[in-house]
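Below is one structure, written out as structure tokens; comments come after it.
The values are calculated or read from the model by the stated rules, or taken from the named source; none is laboratory data. Predicted model only: the values in this text are computed from it and were never measured. Methodologically, a virtual Cβ is constructed for each residue, glycine included, from the backbone with ideal geometry; neighbour enumeration extends over all protein chains shown.
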Amino acid sequence: MSKLWGGRFTKQTNHLVDEYTASIGFDQALAEEDIQGSLAHVTMLGKCGILPQEDVETIKAGLNKVLEKIHNNEIEFSVSDEDIHMNVEKNLIAEIGPVGGKLHTGRSRNDQVATDMHLYLRKRVVELSGMLHELQKALVVQARDNLDTIVPGYTHLQRAQPILFAHHLMAYVSMFQRDIERLMDSYKRINVLPLGAGALAGTTFPIDRHFVAEQLQFDRVYENSLDAVSDRDFILEFLSHASIIMMHLSRLSEELVLWSSTEFNFIELDDAFCTGSSIMPQKKNPDVPELVRGKTGRVYGNLMGLLTVLKSLPLAYNKDMQEDKEGMFDTVATLEGALQLFAPMIATMKVNKTRMREAVNKDFSNATDIADFLVGKGLPFRQAHEVIGKTVLYCIQNGKYLLDLTLDEFKQFSELFDDAIYEVLQPETVVNARNVYGGTATDQVADAIKRSEVLMRMTEQWLEEHQ
């Protein structure tokens, strides 16, 4: 079968070239966006008098019929037609006859495919922001339910200072808030129309690019035709943001894996989000967070892959740029899969408050507060640090914790100790002593939850405006 562009050629394309260069195997995911862009384009051709209105209406009806057939899986895409654009046009011509060939007036596949990807990512950025929002809500509910739950805080994965479990969860709410804000900001650069740039230099037809932008609800059009067809910054930006989101999910995944182990036993993930072993019947494996942690690498790889593809390309379009799509589609699918699971997994997570409290009672994470106590009595911090270091060493050597020591034992290390030290060392006192903005004190965390809810309402408003 001859190509739609085959007039200049004297031979059929080698079938191996067809198979190697065709993108229909993956860019068929852009079918809806491709037809959406074509409907706006042909409407503009009629409005500008470039095509008769009768032809415009015939083409629009044909495009809608092709879209309906695609939705009903009635169209078999062909490798010989290379990509989604040529497949749609070939099916359009089969549906309405030669008039379908007028659709491509005043445009190129170069500006067409760029438009498709802008439309595709614009929709996905909104969807992914909504999914992150759902995960935030699940974390906030858990945080609100655990404002009285104290857990060891860690640095270097060593117990450092007691904190509220709610405070720990709210750290991830903050991370995901930044992720949402990055996606929302990137929307401004995604929502720019390249259609009308032609292959690279514009078109001789008197088109109205701004009318097309209005039809497709783009905020603006590309200023430069070369830039319009060669720009993939908006995809790179998305892949970068997606990599950061996956990094945040991976960090939380790591903690869920640790916390659900017998050694920690801080949480239990719902059976619906775990799997078993084919040989060990007692096992309950946290496969979902493990796999999210693992899939983070492929998202990083997609970002590095596209950066490498683009790094030496001259303006304007080059066939190399066909490699921009699979990584983008894979990243969207990977993120959607992770986020769809994460929100309900967090929502159904059981928190072992008793075990967390036991962990806090059997460590030295309250040691800093003793140093602060001595500083309050007038001892320089460096001397206080040394006193407490020796006190902790004494406890380790004698199999005790700080609250187990008698006042006489405390006074071995400093005469500044008095009975008030026992109240200072209580986990609740330690936590609530950090009553500064952003700290782990109960009042501060409660305020942080309220502030996050304000931001989340702003996100909801943005989602409503852009869906």
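The figures follow:
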item	result
Any chance MET328 is under 30 Å from ARG293 (Cβ atoms), crowded, with 16+ Cβ neighbours inside 10 Å and in contact with a strand residue (DSSP E or B) (Cβ under 7 Å, 6 or more places away or on another chain)	no
Wholly enclosed helices (runs of 4 or more DSSP H) of region 16-108 bearing at least 1 residues in contact with a Leu (Cβ under 9 Å, 6 or more places away or on another chain) and modelled with pLDDT of 95 or more	31-47, 53-71, 84-96
Test: TYR317 is in a helix (DSSP H, G or I) and in contact with a Ser or Thr (Cβ under 9 Å, 6 or more places away or on another chain)	no
Some residue of region 378-401 being outside the structural domain of MET131 (by TED's automatic domain parsing), basic (Lys, Arg), closer than 29 Å to ASP148 by Cα and not in a helix (DSSP H, G or I)	yes
Some residue of region 288-311 being assigned by TED's automatic domain parsing to the domain that holds ARG122, of a type outside the set (Val, Ile, Thr), assigned to a loop (DSSP other than H, G, I, E, B) and at pLDDT below 95	no
Which listed residue, of LEU169, LEU139, is buried (at least 21 other Cβ atoms within 10 Å of the Cβ), of a type outside the set (Val, Ile, Thr), touching a helix residue (DSSP H, G or I) at 6+ places or on another chain (Cβ under 9 Å) and free of Cβ contacts under 8 Å to residues at least 40 places away in the same chain	LEU169
Inter-residue pairs, beta-carbon under 7 Å, first at positive phi and in region 99-127, second surrounded by fewer than 22 Cβ atoms within 10 Å (Cβ to Cβ) and of a type outside the set (Phe, Trp, Tyr), 6+ apart	GLY106/ILE50; GLY106/THR203
Residues within region 405-461 that are more than 35 Å from the chain's Cα centre (by Cα) and either within 22 Å of LEU379 (Cα to Cα) or assigned to a loop (DSSP other than H, G, I, E, B) (or both), tallied	25
Among the residues listed as ALA272, ALA333, the single one being within 13 Å of the chain's Cα centre (by Cα) and at negative phi	ALA333
